1. Test V298 against the criterion of being at pLDDT 95 or above, in a strand (DSSP E or B) and under 36 Å from the mean Cα position of the chain (by Cα), and give yes or no.
2. Could you tell me whether K199 is on the phi < 0 side of the Ramachandran plot, among the basic types (K, R) and either under 23 Å from the mean Cα position of the chain (by Cα) or at pLDDT 70 or above (or both)?
3. With the structure loaded, tell me whether K54 is in contact (Cβ under 8 Å) with a residue 24 or more places away in the chain, assigned to a helix (DSSP H, G or I) and either charged (D, E, K, R) or in contact with a His (Cβ under 8 Å, 6 or more places away or on another chain) (or both) or whether it fails that test.
4. How many residues are of a type in the set (K, R) and outside any strand (DSSP E or B) if we restrict to the stretch 445-476?
5. So which pairs qualify, if the first residue must be in the stretch 342-355 and assigned to a strand (DSSP E or B), the second must be among the aromatic types (F, W, Y) and surrounded by 14 or more Cβ atoms within 10 Å (Cβ to Cβ), the Cβ gap must be under 9 Å, and the two must be at least 6 apart or on different chains?
6. From the list G445, G437, which residue is over 25 Å from L147 (Cα atoms), surrounded by fewer than 19 Cβ atoms within 10 Å (Cβ to Cβ) and at pLDDT below 95?
7. Could you tell me whether the stretch 344-366 includes any residue that is modelled with pLDDT of 70 or more, on the phi > 0 side of the Ramachandran plot and of a type outside the set (K, R)?
8. Condition first: without any contact (Cβ under 8 Å) to a residue 40 or more places away in the chain and in a helix (DSSP H, G or I). Now tell me which residues in the stretch 77-105 satisfy that.
Amino acid sequence: MQIKTLKNMDVTPWRKVVKVSLAVFCSLTLNACANLSAGNLFSHYSAQNKDMYKDVTRGDYKSAESELAESEVGGPILSNMEKGRVSFLAENYPNSFTSFQLSDKAVGVLSARATVSVSEGANQIGSLATNDNLTTYDPADYELGYLHLYLGLNYLQKNDLQGALVEMRRANQVQERAKKRREEELKDAQQKMANSGAKPNLGSILSRYPDAGKTLQAVQNGYLLYLSAVLFEADNQLNDAYIDYKRALAVNPNNREIIDSTIRVAKRLGMRQDLDSLIKQYGEPKPAPQGYGQIIVVDERGVVAQRGNWRLSLPIWSSSGTTRFYSVALPVYLNVKVQSFPPAMLDNQALSASILADTNLMAQNDLSERIPAMVLKQGLRLYTKDQLRHQANKADDSGISNALVNIWNIVTEQPDTRSWQTLPAQVFSSSEYLTAGQHTISAGGKQYALDIKENQRIFVWVSRQGNAVTMWHKQLGAIR
């Protein structure tokens, strides 16, 4: 048997293979270099953040902060959302405020995408040869709401009520703009698929995809609406407070704090017709005892679920009439589990709590709304990758380049699991009237002293993950 050495071997075919492979690789990645990283190419957001996520779920906020300190996995919007939230839980308020401001600034840049269309267009082109993780992160409506909610809480924590109210107003505005932009992106994805000549069987995917349902709680953030109303009432802006209380009531019609607050403000505004309807439906609330103070408690519990990886076959019809089946990777929420917590205690008595927001429900609903556009983009990406494979096959008859491109296509096919993963899973509200003097609220083994004053209202913020508890309070002024 004759063994060829490198010296006497004809290396021309290998040179050709390397040349073709490099040309294909460059075409895949050159246009996506702005967001290019090994992690985003060969893995996805949930996988890359698993250690940080575990830290938050068990309440180890300092370790989570360290994990995030050097991380830019999600880009300037998402990475700073995560950093801001974790720092807020760790009571590192200056860092939290700075991170949320950076995220807010990056959202502003994204909103002005017409002026940065060239760079974003390059990211989109690169994503067609790899995966959606190379595109700029476009936050969900509920995430934008939470961004301004936590900016507002940062202002409130600094005793700046006016700054907090500005963020409440901005929250409503940005969510409306985000909704319109997402509708435009779906139309754009449909047009690009039509122009390519490929048609994915969208119905075959959507018929099997888990749906969150269409309840109002899945679309509107009752936490944001209630907090906004409470702060407007504290500033004596009763019309704005009443509007948000009514919106919060539509989302959570059985929440006792919202019911009582809506009726209270309706009385102060003299809304006789609304008042008659509210009392007929809910009954007359208990009057505030003379000389008592009131606490309003917001209790965040757990951590929202991470997106997982869902793989299945997608049939795509070409303009030539042929149909091919491709393996696709999509993000999904499956088997979502919520950590249970005992009720917070007030002077050794359990506080009665009502649901304000279910972030898991909002996250699932947002992903369900995005899936049609994601599937269309997946179809276009698979079509593009298949064309690159054909090009490699034509340029190299040995089949090695074709095999390399096939391997590339498989390992870079990663789901877009990006989402704000440090948000609370659920949020509850409670309220009680208390005699003036010292009282104690406790949760997770942590006790917190409150000095209740006559005819004064106090806001108490609680957040619980694992065995850890973060708690603080602020005076909201007189009970009127």
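The values are calculated or read from the model by the stated rules, or taken from the named source; none is laboratory data. As the structure is a computational prediction, the values presented were derived from the model and not from experiment. Glycine gets a Cβ as well: all are built from the backbone with ideal geometry, and neighbour counts include every protein chain shown.
1. So V298 passes the test.
2. Judged against the criteria, K199 is not a match.
3. For K54, the condition - in contact (Cβ under 8 Å) with a residue 24 or more places away in the chain, assigned to a helix (DSSP H, G or I) and either charged (D, E, K, R) or in contact with a His (Cβ under 8 Å, 6 or more places away or on another chain) (or both) - is not met.
4. Going through the stretch 445-476 one residue at a time, the tally reaches 1.
5. From residues that are assigned to a strand (DSSP E or B), the pairs are S354/F428; I355/F428.
6. Just one listed residue meets the conditions, G445.
7. Taking every residue of the stretch 344-366 in turn, at least one turns out to be modelled with pLDDT of 70 or more, on the phi > 0 side of the Ramachandran plot and of a type outside the set (K, R).
8. S79, N80, K83, S87, P94, N95, T98, S99, L102, K105
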